[in-house]
Amino acid sequence: MSEQTTDGAASGAAADPAAESLLTVVIALVSNALLAIAKSFAAVLTGSASMVAEALHSWADTGNEVLLVVAEGRSRRAADSRHPLGYGKDAYIWSMFAAFGLFIVGAVVSIQHGIVELTDPEPAHDYGIAYAVLALSFVLEGISFVRAYRQAHADARRRSIATLEHVARSSNPTLRAVFAEDSAALIGLVIAFFGVLLHELTGSPVFDAIGSILVGALLGVVAIVLIARNRSFLLGEAVDDDIRDAVLADLLRMPSIERVAFLHIEFIGPGSVFLIASVDLVGDRGEADAARELHRLEGVLMARPQVGRALLTLAAPGTPSLLPVRNTDVGKA
């Protein structure tokens, strides 16, 4: 494969992606745990519906980060006889659990609480406490978001794509979850601030209740997006066309490969792919010689960190050569 990995980190040049993701999620975990406690006290002291929603949001995020830490650990287990492609997809399973938790605890409960406050409002007080906690929350959430953004931005620069596009397309569910949750948290804090402020200025709890509902709706949208992306990778998402074309060019540059008739590259975990190709070898080789050469080429491919498993077979006679999807200059030199 080319110098660029499936998620953009240069082979052997960048920091360990797994370690980077683990650090990102640990920072988010510590921040959200502290905020969950602070917001819960503020919600009890002030009686603000928006603060209740924010407390639920932070508790949901804290639980999610715990699940993401589990995902990071379980997905890095080595392949065995029962799981020859490894455990990489475990990251998407645990990230899916985290997204469901965000939806149920963060979104549904916040919306329900906001509706209850609309029908049976409780008086709010001690607004200064709410503002102080919201300000602290913005600082801590901002630190976590900056960490996630820097990791995403560095990877995106190596892929020469926009940061948000990289987050959406990345095979790393931990990075995507932390980035999305921190972004939603910062927006949610702004919503909560205006909900509390309008409640104080007007004396009407309606604005506070609406703030809780809006925070819940925001979390619901984020959760649905995360669920959809994890589902796609669990079903078996192939790499983008530009990466597929780059791999095709790499295969054709190998001296012993004459042409490629079939190529499929599917994610089997964060930054790891299963490569299947049907090729014609140069020259007229016997069966044993061809088998040895295919086995050697598989070893060459799997020596690259982004290739978790490679399987090469001989192309059937008469099958057409594979053409690039985007690049028109890919061919045997």
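Throughout, read-outs are computed from the coordinates displayed, never taken from laboratory work. Quick caveat: nothing in here was measured; it's all calculated off a predicted structure. Because the Cβ atoms are built from the backbone with ideal geometry, glycine has one as well, and the counts that use them run over all protein chains shown.
Compared with the direct C-alpha span, the chain from residue 228 to residue 190 gains 11.0 nm at full extension, assuming 0.36 nm per residue. If you take the charge dipole of the range 17-235 about its Cα centre, with +1 on Lys and Arg Cβ and -1 on Asp and Glu Cβ, which of 142, 207, 113 is farthest toward its positive end? Result: 142, furthest along the dipole toward the positive end. Rounded to the nearest 10 degrees, the angle from helix 49-75 to the longest Cα principal axis of the chain is 20 degrees. Across the range 241-314, the fraction of Cα-Cα pairs farther apart than 19 Å, rounded to a whole number, is 29%. Take the Cβ atoms of residue 325 and residue 153, set R0 to 22 Å, and the FRET efficiency comes out at 0.25. Within the range 154-228, the proportion of C-alpha pairs whose separation exceeds 15 Å stands at 61%. Look at 171, 278 and count the other Cβ atoms within 10 Å of each Cβ; fewest to most, that gives 278, 171.
With both residues required to sit in the chain, DSSP beta bridges show an antiparallel share near 65%.
The Rg/Rh ratio for the chain is 1.13, where Rg is the radius of gyration of the alpha carbons and Rh is the Kirkwood radius.
As a rough footprinting exposure proxy, the listed residues 149, 131, 92 were ranked by other beta carbons within 10 Å of their own, and the order from fewest upward is 131, 149, 92.
With unit charges on the beta carbons (Lys and Arg positive, Asp and Glu negative) and the dipole taken about the Cα centre of the chain, which residue among 255, 35, 197 sits farthest to the positive side? Final value for the positive-end residue is 255. Stokes-Einstein at 37 °C, 0.692 mPa s, Kirkwood radius from Cα pairs: D for the range 110-211 in µm² s⁻¹? Using the Kirkwood radius from Cα pairs, D works out to 212 µm²/s.
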